[in-house]
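FYI, it's all coordinate maths here, none of it is from the lab. Please read all numbers here as calculations on a predicted model, not as lab measurements. Backbone-built Cβ (ideal geometry, glycine too); neighbour counts: all protein chains shown.
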Amino acid sequence: MNRGGSGIRADLLVENASELITLAADPSKGGAAGPRIGSSMRDLSIISGGSVAAFNGRIVAVGETHEVRRRVEPVPDAEVIDATGMVVLPGFVDSHTHLVFAGSREKEFIQRAEGKTYLQILSAGGGILSTVRATRNATHSHLVDLGLAYLDTMMCHGTTTVEIKSGYGLSVDEELKTLRVIRELDKLHPIDVVSTFMGAHAVPPEFAGDTEGYVRHVIDDMLPAVKEEGLAEFCDVFCEEGVFSVRQSRRILEAGLALGLLPRIHADEMASLGGAELAAEIRAVSAEHLLYASEEGIRKMAEAGVTATLLPATSFTLGLGRYADARAFISAGCPVALATDFNPGTSPTLSMQFVMNVAALGMKLHPAEIICASTINAAHGLMRGNQVGSLEIGKLADMVVIDADTHLKIPYKPGTNIVDKVIKEGRLVVSEGRRIVS
Ligand code: NIG
Ligand code: FE
């Protein structure tokens with residue numbers, strides 16, 4: 001029955017949200033469909049008593065519930081979710097993870113407790129290199145199984161899009177193995193997976209003492225092989241004292257760009273090397289970590305529109321005693337995103353909610369800024385801003401229903417999963433915080 005309106009068909013309706021956080025661009029404020037910067041990060045474009053309708057996985061209507069009801073015509077078996085007393089917002093976009101690896105590294109926590117630093121453990125052949133050994137020994141299907149389980153946990157915590165980097169293979173064959181696992185995860189799991197090649201994550205034992213030789217291997221052998229199979233969209237480098245220098249990072253990222261892989265960079269995490277400046281010069285899509293970014297680097301990143309992807313769970317886990325200066329990036333006009341950095345060494349959390357808690361407590365960000373950084377800005381930092389990150393007509397119907405009546409409660413309860421439901425491309429995939437197996 002057409003209710004007299006235009007009769008837009010809907011197979012999913014989420015209704016009566018106490019707050020529907022749309023993060024929609026506001027044309028009256030010149031709101032372009034870009035990331036939010038500065039004070040606009042505090043504006044979530046909230047509709048109280050809001051509703052979203054979707055058809056075939058895409059959003060077809062957004063507005064107050066009575067208005068949406070008037071405009072759409074639910075198909076006979078449409079799913080209708082009553083979100084009374086709940087907050088509904090776009091699915092979280094986790095734009096920086098190292099999710100494909102084998103083994104775990106809890107013993108390093110003891111070494112660090114005894115005073116060894118992260119880089120000392122790495123230069124003694126541990127850290128990333130111990131995960132490289134375990135990952136090389138794992139089969140494709142074992143890595144797929146591990147990855148699917150991690151993705152399930154992420155989804156139950158509200159994540160609907162994830163970036164995954166390679167970087168625990170560090171040879172042509174092993175990096176290709178990892179990237180094929182990433183491709184398989186995207187096929188098999190409801191979460192959308194974005195792939196990044198990070199052969200320059202560490203120098204493997206075969207090239208110990210010959211970082212230059214390894215850089216050439218990455219450029220001459222790995223990048224063309226990755227390109228040939230179309231396995232990655234981005235290229236990333238660990239630009240850090242004792243790992244890859246600014247010059248080496250630039251060469252690798254430029255070689256990647258020449259093959260069409262867009263640059264991202266782990267920059268200025270443990271020391272101020274000039275990674276932020278490099279990110280601006282080569283117009284990286286995103287620079288990440290940034291605890292020691294210089295004022296100049298922050299300014300240049302803002303000018304170049306490079307997303308600052310901040311990873312507070314990593315600072316927390318490493319006990320670094322400091323966080324990236326999120327406020328300085330926001331004041332400078334940089335789009336700021338937040339991500340888990342999920343990996344076995346520096347951030348074994350799968351939960352964007354935990355990241356949001358730490359961002360509130362450690363970085364003193366406002367709840368609205370945190371939500372913006374975990375949705376629309378993260379989506380833009382992955383070049384997915386036209387598909388996900390806000391609840392707007394035409395975008396994917398990726399949504400989270402939170403068991404709270406105001407968004408202020410989202411970063412408020414550390415260690416508690418407050419996600420009730422997750423909708424991925426219009427399909428209910430998590431209910432009462434648990435994966436629905438269809
Ligand atoms: O982003 N910093 C380099 N890479 C990861 C850590 C990887 C690991 O320790 O296994 C990071 O923190
Ligand atoms: Fe990382």
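With the alpha-carbon atoms as the only input, what is the per residue convex hull volume for the chain in Å³? List each step's numbers first, then the result.
Working: hull volume 57.2 nm³, N = 438.
Roughly 131 Å³ of hull volume per residue.
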statement: Comparing A313, A324, A25 in a Gaussian network model of the chain (Cα, 10 Å), the one with the largest mean-square fluctuation is A25
- line: Residue separation between S104 and R247 times 0.36 nm, minus their alpha-carbon distance, gives in nm 48.3 nm
- line: Between K413 and A124, the two model label points (7 Å from Cα along the beta-carbon direction) sit apart by a distance in nm of 4.1 nm
message: Check which residues have an amide H placed less than 5 Å from V430's amide H, if you skip close sequence neighbours.
response: V422, I436
- line: Under a Gaussian network model of the chain whose springs join Cα atoms within less than 10 Å, the largest fluctuation of S315, S347, S39 belongs to S39
statement: Using the Kirkwood radius over Cα pairs of region 165-271, the Stokes-Einstein translational diffusion coefficient at 4 °C and 1.567 mPa s, in µm²/s and rounded to a whole number, is 94 µm²/s
- request: First measure r as the distance between the Cβ atoms of I8 and A258, then evaluate 1/(1 + (r/R0)^6) with R0 = 41 Å and state the FRET efficiency to the nearest 0.05.
  value: 0.35
query: Which shape class, rounded, prolate or oblate, goes with region 359-432 when its Cα gyration tensor gives a ≥ b ≥ c as root eigenvalues, a/c under 1.5 marks rounded, and past that a/b bigger than b/c marks prolate?
result: oblate
- request: Would you please give the residues with an amide H less than 5 Å from that of G63, counting only those at least 5 places away or on a separate chain, with H modeled from the backbone geometry?
  value: S51
query: Once both labels are modelled 7 Å past Cα along the beta-carbon direction, what's the E206-R434 spacing in nm?
result: 4.6 nm
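On full extension of the chain, what length is gained from V80 through S39, given 0.36 nm per residue of separation minus the C-alpha to C-alpha distance?
Details: separation 41, 0.36 × 41 = 14.76 nm, distance 3.50 nm.
Length gained between V80 and S39: 11.3 nm.
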field: region 65-70 - phi-based ³J(HN,Hα) in whole Hz, Karplus 6.51/-1.76/1.60, Gly and Pro as x
entry: 4, 5, 5, 5, 4, 5
- prompt: With the chain treated as a Gaussian network of Cα nodes joined by springs under 10 Å, which of I370, I402, I393 yields the largest mean-square fluctuation?
  reply: I393
query: Does anything in region 30-61 have its amide N under 15 Å from the 7 Å Cα→Cβ label point of R283, and if so which residues?
result: none
Label zone at D186 (point 7 Å along Cα-to-Cβ), backbone N below 14 Å, region 378-404: 382-384
Amide H contacts of C334 (H built 1.01 Å from N, under 5 Å, at least 5 apart or other chain): G38
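Out of all Cα-Cα pairs in region 26-107, roughly what percent, to the nearest whole number, are more than 16 Å apart? Please report the intermediate quantities before stating the final value.
Numbers: 2310 of 3321 pairs.
Counting every Cα pair in region 26-107, those more than 16 Å apart make up 70 percent.
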statement: Scalar couplings 3J(HN,Hα) for region 129-136 by Karplus 6.51 cos²θ - 1.76 cosθ + 1.60 (θ = phi - 60°), nearest whole Hz, x for Gly and Pro, are 5, 6, 5, 4, 4, 5, 6, 4
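Pulled fully out, how much extra length does the chain show between D403 and N386, if you take 0.36 nm times their separation in residues and subtract their Cα-Cα distance? Can you show the working numbers first?
Values: separation 17, 0.36 × 17 = 6.12 nm, distance 2.75 nm.
Value of the extension gain: 3.4 nm.
Quick check on the chain: helices-only [θ] at 222 nm, where DSSP H runs of length 4 and up contribute -39,500 (n - 2.57) each and the sum goes over total residues. Nearest 500, please. Don't skip to the answer; put the middle values down first.
Details: 16 runs with 146 residues, N = 438.
Computed ellipticity for the chain at 222 nm equals -9500 deg cm²/dmol.
Counting other beta carbons within 10 Å of each residue's own, what order do H217, H66 fall into, fewest first?
Working: H217 21, H66 12.
Sorted ascending by nearby Cβ count, the order is H66, H217.
Mean separation of Cα pairs under 8 Å and 6+ residues apart, divided by the residue count of region 92-380: what relative contact order is that in percent? Numbers along the way, then the final one.
Working: 600 pairs, mean separation 51.9, N = 289.
In percent, rounded to a whole number, it is 18.
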query: Once phi is turned into ³J(HN,Hα) by the Karplus curve 6.51 cos²θ - 1.76 cosθ + 1.60 with θ = phi - 60°, what whole-Hz value does each residue of region 353-358 show in order, with x for glycine and proline?
result: 5, 5, 4, 5, 4, 5
